[in-house]
Amino acid sequence: MKSIFALLICFFFTSIQSQTYRFTYQLKYKMDSTEAGYEKLNMLLDISPGEVKFYGQNLLATDSLNKRFGTNNSHTDMSGQIVKRKINTFDNTNFIAIKEGYYSFKTADKLTWIISDETKKVENYTLQKASTRFGGRNWTAWFCKDILFSEGPYKFRGLPGLIFELWDSGENFIYHLVKSQKLTGIYSTDNFVESNFGNRAIPIDEKQKVKLIKDFYNDPFAFERNNFNKSNTNLKININGTEIHTVDELNSQTKNMQQVIRKYNNPIEIDKAIHFKE
């Protein structure tokens, strides 16, 4: 965290104007709440004069490689935590990939915090404890008053200082601040947040989002099925490394995919989880 301390010093001498402050959080999360193991991702919080953005580091890495080598690779962030908002607001624009499509929808996510008198030392920092309820989960945060950003990972903001640590009571999602950077200028995420490597986000509402996800669950290989129906010749389709020759084989793959979707159904906002029929 030494780089965070350096940023703290710089903060008092450098205006945020025309700068992007980037904070890296390690996220440990459970795709299936019944499992003991965690998936791990690095997530980035970008704070600029007008906007705050939160997204997976792998998106930035893919975009950087494309620019460096002139490639056209893409990456799909499966964290379900790509958001942006105007600074000092709780009004978020959410981004989500569903099958081949990329979509955005707006939510108002006001948080009410209870700030405790409890503090602890982490290296050179004094952190203070706070709690809130959001997305059907109870959350504990530790924030630092000395870093004057009222922000944190995902939609968690509104405390009088930057959030360093955050987790829910079931420890399904655990965030730790691990790095900070001060970037020159406003860092553009147009290639991988507002669009997904060429696919501009299509604005929808939450009701439409739920319908798209349910449609995908009901027939996750609808495109492949349509090709079968159109073809008058022997057709081979590759799905996850398996060659599919018949509609019956495609139906079997569909059931397998539906089972995976039902199993890994532990979104951060659990109160918005979609309940799928077997």
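The values are calculated or read from the model by the stated rules, or taken from the named source; none is laboratory data. On a predicted model such as this, the values are computed, not experimentally measured, just so you know. Here Cβ is always computed from backbone atoms with ideal geometry, including for glycine, and neighbour counts include all displayed protein chains. The protein model used for the area step is the full one, side chains on, heavy atoms only, and it has no ligands, DNA or RNA in it. Shrake-Rupley method; radii C 1.70, N 1.55, O 1.52, S 1.80 Å.
For the stretch 159-217, the calculated P(r), taken from all Cα-Cα distances in 5 Å bins from zero up to the bin holding the longest distance, is 4, 12, 9, 12, 16, 20, 18, 8, 1 percent.
Peptides 38-44, 160-166, ordered by how many other C-beta atoms sit within 10 Å of their residues on average, highest first, read 160-166, 38-44.
The helix-only estimate of mean residue ellipticity at 222 nm for the chain, built from DSSP H runs of length n ≥ 4 each weighted as -39500 (n - 2.57), is -7000 deg cm²/dmol after division by the residue total.
The modelled label-to-label distance for the pair ASN227/ASP205, using points 7 Å beyond Cα in the direction of Cβ, is 3.6 nm. Extension gain for ILE115 to ALA36 (0.36 nm times residue separation, less C-alpha to C-alpha distance): 25.4 nm.
When the chain is treated as a Gaussian network with alpha carbon springs shorter than 10 Å, the biggest mean-square fluctuation among PHE173, PHE223, PHE95 belongs to PHE223. Of the cross-linked pairs LYS84/LYS255; LYS120/LYS263; LYS30/LYS209; LYS99/LYS182, those separated by over 29 Å at the C-alpha level are LYS84/LYS255; LYS120/LYS263; LYS99/LYS182. Counting only protein heavy atoms and using a 1.4 Å probe, the accessible area of ASP248 comes to about 120 Å².
Placing a pseudo-label 7 Å from each Cα along the Cα-to-Cβ vector at ASP146 and ASN88 gives an inter-label distance of 2.5 nm.
In this structure, the amide hydrogen of MET31, modeled 1.01 Å from its nitrogen in the peptide plane, lies closer than 5 angstrom to those of GLU39, counting only residues at least 5 positions away or on a different chain.
When both the stretch 241-278 and the stretch 151-224 are represented by their alpha-carbon centers, they are found 22 Å apart.
By accessible area, using a 1.4 Å probe on protein heavy atoms only, the stretch 152-273 has 48% of its surface on carbon and sulfur.
Under a no-solvent Debye model with one identical scatterer per Cα of the stretch 85-164, what's log10 I(q)/I(0) at q = 0.24 Å⁻¹? Relative scattering, expressed as log10 I(q)/I(0), comes to -1.13. The local environment of HIS176, defined by Cβ-Cβ distances under 10 Å, has a net charge of 0 under the rule Lys, Arg +1 and Asp, Glu -1. The eigenvalues of the Cα gyration tensor, multiplied by 5 and square-rooted, give the chain an equivalent ellipsoid with semi-axes of 38, 22, 16 Å from largest to smallest. Looking at the chain, the accessible area is 53 square angstrom per residue; that uses a 1.4 Å probe and ignores ligands, DNA and RNA.
Heavy-atom accessible area for ASP271, with the other protein chains in place and a 1.4 Å probe, reaches approximately 100 Å². Report, ordered by chain and residue number, the aspartates and glutamates lying within cross-link reach of LYS277, taken as a straight Cα distance under 14 Å and ignoring same-chain residues fewer than 8 apart. The reachable aspartates and glutamates, counting only those whose Cα sits under 14 Å from LYS277, are ASP215, ASP219. Measuring max minus min along each principal axis, the C-alpha atoms of the stretch 162-278 give extents of 60, 37, 30 Å (largest first).
Summing charges over neighbours of HIS245, with a neighbour being any other residue whose Cβ is under 15 Å away from its Cβ, gives -2 when K and R count +1 and D and E count -1.
Between PHE69 and THR184, the simple spin-label model (points 7 angstrom out along Cα→Cβ) gives 2.6 nm.
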